[in-house]
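Novice: Got a structure for you, written out below as structure tokens; questions coming shortly.
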Amino acid sequence: MRPARHPHPQAARSSGSHSDQGNLGWWRQAVTYQVYVRSFQDSDGDGVGDLGGVRQRLPYLRSLGVDAIWLNPFFPSPQHDHGYDVADYLDVDPQYGTLEGFDALVRDAHRLDIKVLIDVVPNHCSIEHAWFTAAVAAGPGSPERGRFHFADGRGAQGELPPNNWRSIFGGPAWRRIIEPDGTPGQWYLHTFAEEQADFNWRHPAVPAYFEEVLRFWFDRGVDGLRIDVAHGLHKQEGLPDHDSALDDELTGDPNNPHAWNQLEVHDVWRRWRAIADWYTASTGHERVLIGEVGVLDTAELAAYQRPDELHQSFFFEFLRTPWDVEQLRSVIDRGRLTVAATGSPVAWVLNNHDMPRVVTRYAGGAPGGPVGDIELGLSRARAAALLMLALPGSAFIYQGEELGLPEVTDLPEHLLTDPMFHRTAGARRGRDGCRVPLPWDSGRDALGFSPEPAAATTWLPQPDWFGYHAVDRQLESGESMLHLYREAIALRRRVPGITQGEFRWLPTEPGVLAFMRGDGFACVVNCSSRPVCMPVDGHVLHASKAEVGEKLPPDSAAWLLVRACDE
């Protein structure tokens, strides 16, 4: 199935399944749950998660209280980068289900008042995409090759890459092809894996194609898009050498000024925003754009969510900040005063599918390295959850975060699938450790991830200790991480002060972070290793540790309704 061609936003038609005119702006304070489809729930017993599994677990997501889900790519793909190498943007990979199954998932989610966001990958596609195979067959200088970055090599026989750019996944950012006549030929650009060819966004066919992709999924009722590598797309004309390119084969430079953050990319987001806004205005069913923007300067990040561009961009600085009170205060202020100054709220995030899990980061562990002090990491992760959910703006939760899952740091190397690991010859461990299939039921095959009897092993192995974090066990304990998240999200809905009112810092003793929202809600976080006195007097609504009273234990957080405050 292919979308009708709508050359202008005004020509589009929407078949959105529900109207929510009274809920416009829901994303401003939303809690969105990231579903890594491959590892969420397997419905057919092949050891791989799928859309049917997501549909089965919608009641769980409703009970968690989230406003929306974001689905990682489920499009047809050879899975060299687990779906981020897209072979067809307008269908569902049979491994994950069917278009009809996707439609049923959207309908069921909407019935439960859960919005659905999908992941779009516009910077690059699979080398098995029809456009790329046509480009290879058409030969040098053809219009088909113009949709990508093909170039002649340097050196006497063209045996050297066209420039010195590095791949983010390691090694050169170029791969040489064999021409249709069997001879070594041109090179194509891939800023990630060599199976992922970068589009040439200066070719008019490319933006036109992706506008069709937007309409196709908006017409199917999706509520928004998470946009992969939203700072990418355009490359500098002429593809010049990068003066500071690393000579190391193992690492790429994410700050290549010729490959990232070109001014022209903002024109793309203005066009996409116009399309999204047309759907919103014409149907009352709001469509939002959330960007993965990998720039390091907060002001540059803020530029992506100006009123006519993306609705939000993930604030990764918060995710990268260590458990240190001064650094946390500083990064929160940068988000509040720089990103939110655009009129769009901060999108806070502690975990995602590309980073080691927060429990392990706070524990001092690392993929392929030490486990760290998991109890310490878990205490800090619980406190960080309350901190994030009390900050002004929206929050994104990565699956398993609500279970307090640590990183699986010791996966056997022969089972690792991340191209980052293989392209760096093991120097970079990769991202498999945060993608292990979820534990649902400690007493069942595959911990409930696959139906019984499990016909196949899970695509990544679940360690034995995963069972201690399973959903069934956490439901039995009122002090579990799952209950912490459920209660916090429910309180965000019930207590207006948590999401409304002016933000202001409170004076505290060293090692403590405290702020108020409006006149009556306070969040206090103890980042120190000692108990501290509460800086405000009030009723404790929620806490990350049960021992909270007049004093706040080390590495913990509390929410309070304040009776009085010492200014």
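The values are calculated or read from the model by the stated rules, or taken from the named source; none is laboratory data. All figures in this text were calculated on a predicted structure; none of them were measured in a lab. Positions of Cβ are backbone-derived with ideal geometry, glycine not excepted, and every protein chain shown enters the neighbour counts.
Novice: Regarding the range 194-212, can at least one residue be identified that is part of a loop (DSSP other than H, G, I, E, B), under 25 Å from T424 (Cα atoms) and over 35 Å from the mean Cα position of the chain (by Cα)?
Specialist: So far as the range 194-212 goes, no, none of its residues is part of a loop (DSSP other than H, G, I, E, B), under 25 Å from T424 (Cα atoms) and over 35 Å from the mean Cα position of the chain (by Cα).
Novice: Could you please let me know if D354 is in the same structural domain as G224 (by TED's automatic domain parsing), in contact with a helix residue (DSSP H, G or I) (Cβ under 7 Å, 6 or more places away or on another chain), among the acidic types (D, E) and farther than 18 Å from C527 by Cα?
Specialist: It is false that D354 is in the same structural domain as G224 (by TED's automatic domain parsing), in contact with a helix residue (DSSP H, G or I) (Cβ under 7 Å, 6 or more places away or on another chain), among the acidic types (D, E) and farther than 18 Å from C527 by Cα.
Novice: Out of A109, A134, A104, which single residue is modelled with pLDDT of 95 or more, small (G, A, S) and not assigned by TED's automatic domain parsing to the domain that holds T424?
Specialist: After ruling out the rest, the residue left standing is A134.
Novice: Going by the structure shown, is L233 farther than 15 Å from F132 by Cα, of a type outside the set (S, T, Y), surrounded by 24 or more Cβ atoms within 10 Å (Cβ to Cβ) and in contact with a Lys or Arg (Cβ under 9 Å, 6 or more places away or on another chain)?
Specialist: Here the answer is no, as L233 does not meet what is asked.
Novice: For the range 4-25, indicate whether the set of residues that are buried (at least 20 other Cβ atoms within 10 Å of the Cβ), in the same structural domain as P453 (by TED's automatic domain parsing) and modelled with pLDDT of 95 or more is non-empty.
Specialist: Within the range 4-25 (the criterion being buried (at least 20 other Cβ atoms within 10 Å of the Cβ), in the same structural domain as P453 (by TED's automatic domain parsing) and modelled with pLDDT of 95 or more), the answer is no, since none of the residues qualifies.
Novice: Which members of the range 38-65 meet the condition of being closer than 13 Å to V116 by Cα and crowded, with 24+ Cβ neighbours inside 10 Å?
Specialist: The answer is L51, V54.
Novice: Can you pull out every residue in the range 92-104 that is buried (at least 24 other Cβ atoms within 10 Å of the Cβ) and of a type in the set (A, V, I, L, M, F, W, C)?
Specialist: F102
Novice: Among S39, S43, which is the only one that is assigned to a helix (DSSP H, G or I), among the polar types (S, T, N, Q), modelled with pLDDT of 95 or more and over 29 Å from V495 (Cα atoms)?
Specialist: None of the others qualify; the one that does is S39.
Novice: Within the bounds of the range 516-529, is there any residue that is more than 30 Å from P345 (Cα to Cα) and either surrounded by fewer than 16 Cβ atoms within 10 Å (Cβ to Cβ) or not assigned by TED's automatic domain parsing to the domain that holds E401 (or both)?
Specialist: Checking the range 516-529: at least one residue is more than 30 Å from P345 (Cα to Cα) and either surrounded by fewer than 16 Cβ atoms within 10 Å (Cβ to Cβ) or not assigned by TED's automatic domain parsing to the domain that holds E401 (or both).
Novice: What number of residues in the range 431-449 are surrounded by 22 or more Cβ atoms within 10 Å (Cβ to Cβ), assigned to a loop (DSSP other than H, G, I, E, B) and either at positive phi or over 24 Å from the mean Cα position of the chain (by Cα) (or both)?
Specialist: Final tally of qualifying residues: 0.
Novice: If S544 satisfies every condition in (1) at pLDDT 90 or above; (2) in contact with a helix residue (DSSP H, G or I) (Cβ under 8 Å, 6 or more places away or on another chain); (3) of a type in the set (G, A, S); (4) within 17 Å of P392 (Cα to Cα) but one, which is the exception?
Specialist: (4)
Novice: Given the options P406, P419, name the one that is at pLDDT below 90, under 23 Å from V35 (Cα atoms) and crowded, with 19+ Cβ neighbours inside 10 Å.
Specialist: Sole residue among the options that is at pLDDT below 90, under 23 Å from V35 (Cα atoms) and crowded, with 19+ Cβ neighbours inside 10 Å: P419.
Novice: Taking the range 548-564 as the region of interest, how many residues are farther than 17 Å from E487 by Cβ and either within 35 Å of the chain's Cα centre (by Cα) or touching a residue at least 40 places away in the same chain (Cβ under 8 Å) (or both)?
Specialist: 5
Novice: Identify, please: which residue in the range 82-91 is crowded, with 19+ Cβ neighbours inside 10 Å and over 12 Å from A197 (Cα atoms) and is, among those, modelled with the lowest pLDDT?
Specialist: Checked the range 82-91; the qualifying residue modelled with the lowest pLDDT is H82.
Novice: Can you tell me which residues in the range 480-538 are under 24 Å from S330 (Cβ atoms), among the small types (G, A, S) and at pLDDT below 95?
Specialist: The answer is G501, G518.
Novice: Those residues that are free of Cβ contacts under 8 Å to residues at least 24 places away in the same chain and either outside any strand (DSSP E or B) or surrounded by fewer than 21 Cβ atoms within 10 Å (Cβ to Cβ) (or both), I need them from the range 173-193; list them, please.
Specialist: Those that are free of Cβ contacts under 8 Å to residues at least 24 places away in the same chain and either outside any strand (DSSP E or B) or surrounded by fewer than 21 Cβ atoms within 10 Å (Cβ to Cβ) (or both): R175, R176, I178, D181, G182, T183.
Novice: Please specify each residue of the range 136-145 satisfying the condition of being assigned to a helix (DSSP H, G or I) and without any contact (Cβ under 8 Å) to a residue 24 or more places away in the chain.
Specialist: Result: A138, single match.
Novice: Let me ask another. For the range 513-567, which residues satisfy the criterion of being of a type in the set (K, R) and either outside any strand (DSSP E or B) or within 20 Å of V359 (Cβ to Cβ) (or both)?
Specialist: Within the range 513-567, R530, K545 meet the criteria.
Novice: Right, next: Restricted to the range 46-80, and to residues that are part of a loop (DSSP other than H, G, I, E, B) and more than 20 Å from the chain's Cα centre (by Cα), which residue is nearest to M481 (Cα to Cα)?
Specialist: Among those residues, the one meeting the criterion is G47.
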